[in-house]
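Here the structure comes first, spelled out in structure tokens, and everything after it is commentary.
The values are calculated or read from the model by the stated rules, or taken from the named source; none is laboratory data. Predicted model, so just to flag it, every value in this text is computed and none were measured. Quick reminder, even Gly has a Cβ in these numbers, built from the backbone with ideal geometry, and neighbours come from all protein chains shown.
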Amino acid sequence: DAGITQSPRHKVTETGTPVTLRCHQTENHRYMYWYRQDPGHGLRLIHYSYGVKDTDKGEVSDGYSVSRSKTEDFLLTLESATSSQTSVYFCAISELSSYGYTFGSGTRLTVV
Amino acid sequence: AQSVTQPDIHITVSEGASLELRCNYSYGATPYLFWYVQSPGQGLQLLLKYFSGDTLVQGIKGFEAEFKRSQSSFNLRKPSVHWSDAAEYFCAVGGSGNTPLVFGKGTRLSVIA
């Protein structure tokens, strides 16, 4: 969607390597979210941010860390990738979560 | 804790037929409810949302949804389905402020001629 971009769009990485996914927004929205999408599980929240340097965990945060040093960027890091982290990762932004989200196009990550 | 149940994993309808996708939610306070659509290989697009007021809300692409507090439901409807409606549909619930949305597991819609 306009105003939010994710990079890379696709990535294949080896087990045990660190991986960083980037979400960039141009909307100046306060809230940013990382979800993962897996068949049969829908979207599950990994981490979210409610401001620069302000982040909190979601329901599936183990093995993931995040950072937000600027309003426009929200980074998701897999410290040591495992096969169970093979998934499609979506970033979303919102001025207020009750307004609904705007989603990025997703990053398909494969851990081999 | 808030939760969303979409009872139907996969639904197949004929083009031109009516559609209803079910969504039941659990939330302790007044919910904010959303329906999103995801086309293959794409991100999620907001179809419609309910905050308060009229319990029948209109969205994009001819979709509507009805909030029924007594049944904790927010079902999505469309009177006549088009082949381009084939996609996955997600219901989500949230609250006021910055409470992150909780999504259902999705319903995949197939449309046949």
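Of note:
- Checked against (1) more than 10 Å from chain B (Cβ to nearest Cβ); (2) surrounded by fewer than 19 Cβ atoms within 10 Å (Cβ to Cβ), A:GLN85 passes all but a single condition, namely (2).
- Scanning the range B:45-80 for residues that are out of contact with any Lys or Arg (no Cβ under 9 Å at 6 or more places or on another chain), farther than 20 Å from A:SER97 by Cβ and of a type in the set (A, V, I, L, M) yields B:LEU56, B:ILE60.
- Any strands (runs of 3 or more DSSP E) falling wholly within the range A:1-52 and containing at least 3 residues that are in contact (Cβ under 8 Å) with a residue 24 or more places away in the chain, touching a Leu at 6+ places or on another chain (Cβ under 7 Å) and surrounded by 14 or more Cβ atoms within 10 Å (Cβ to Cβ): A:19-25, A:31-38
- The strands (runs of 3 or more DSSP E) falling completely within the range A:55-112 that include 2 or more residues that are closer than 25 Å to B:LEU47 by Cα and within 13 Å of the chain's Cα centre (by Cα) map to A:87-94, A:107-111.
- B:TYR36 more than 10 Å from chain A (Cβ to nearest Cβ), surrounded by 13 or more Cβ atoms within 10 Å (Cβ to Cβ) and closer than 26 Å to A:SER94 by Cβ: no
- Tally, over the range B:80-105, of residues that are exposed (fewer than 15 other Cβ atoms within 10 Å of the Cβ), within 14 Å of chain A (Cβ to nearest Cβ) and not small (Gly, Ala, Ser): 0
- Cβ-Cβ contacts under 8 Å between residues 6 or more apart (or on different chains), taken from a first residue in the range A:96-110 that is at the interface with another protein chain (Cβ under 7 Å from one of its Cβ atoms) and aromatic (Phe, Trp, Tyr) to a second residue that is part of a strand (DSSP E or B) and surrounded by fewer than 21 Cβ atoms within 10 Å (Cβ to Cβ), are listed as A:TYR101/B:LEU46; A:PHE103/B:GLN45.
- Only one entry of B:ARG77, B:ARG108 meets the criterion of being more than 14 Å from chain A (Cβ to nearest Cβ) and assigned to a strand (DSSP E or B), and that entry is B:ARG77.
- Flag if A:GLY42 is touching a Phe, Trp or Tyr at 6+ places or on another chain (Cβ under 6 Å), closer than 19 Å to B:GLN2 by Cβ and not hydroxyl-bearing (Ser, Thr, Tyr): yes
- Taken together, the residues in the range B:1-33 that are more than 19 Å from B:VAL102 (Cβ to Cβ), within 14 Å of the chain's Cα centre (by Cα) and loosely packed, with under 13 Cβ neighbours inside 10 Å amount to 1.
- In the set (1) touching a Gly at 6+ places or on another chain (Cβ under 7 Å); (2) touching a residue at least 60 places away in the same chain (Cβ under 8 Å); (3) within 30 Å of A:THR5 (Cβ to Cβ), the condition left unmet by B:LYS78 is number (3).
- Test set (1) more than 19 Å from A:PRO39 (Cβ to Cβ); (2) in contact with a Gly (Cβ under 7 Å, 6 or more places away or on another chain); (3) at pLDDT 95 or above; (4) surrounded by 15 or more Cβ atoms within 10 Å (Cβ to Cβ) - A:LEU75 fails condition number: (2)
- Among the criteria (1) within 12 Å of chain A (Cβ to nearest Cβ); (2) of a type outside the set (Val, Ile, Thr); (3) touching a residue at least 60 places away in the same chain (Cβ under 8 Å); (4) surrounded by 14 or more Cβ atoms within 10 Å (Cβ to Cβ), the one B:LEU44 does not fulfil is (3).
- Residues in the range A:12-55 that are more than 11 Å from A:SER67 (Cα to Cα) and among the acidic types (Asp, Glu) were compared, and the one that is farthest from the other protein chains (Cβ to nearest Cβ) is A:GLU14.
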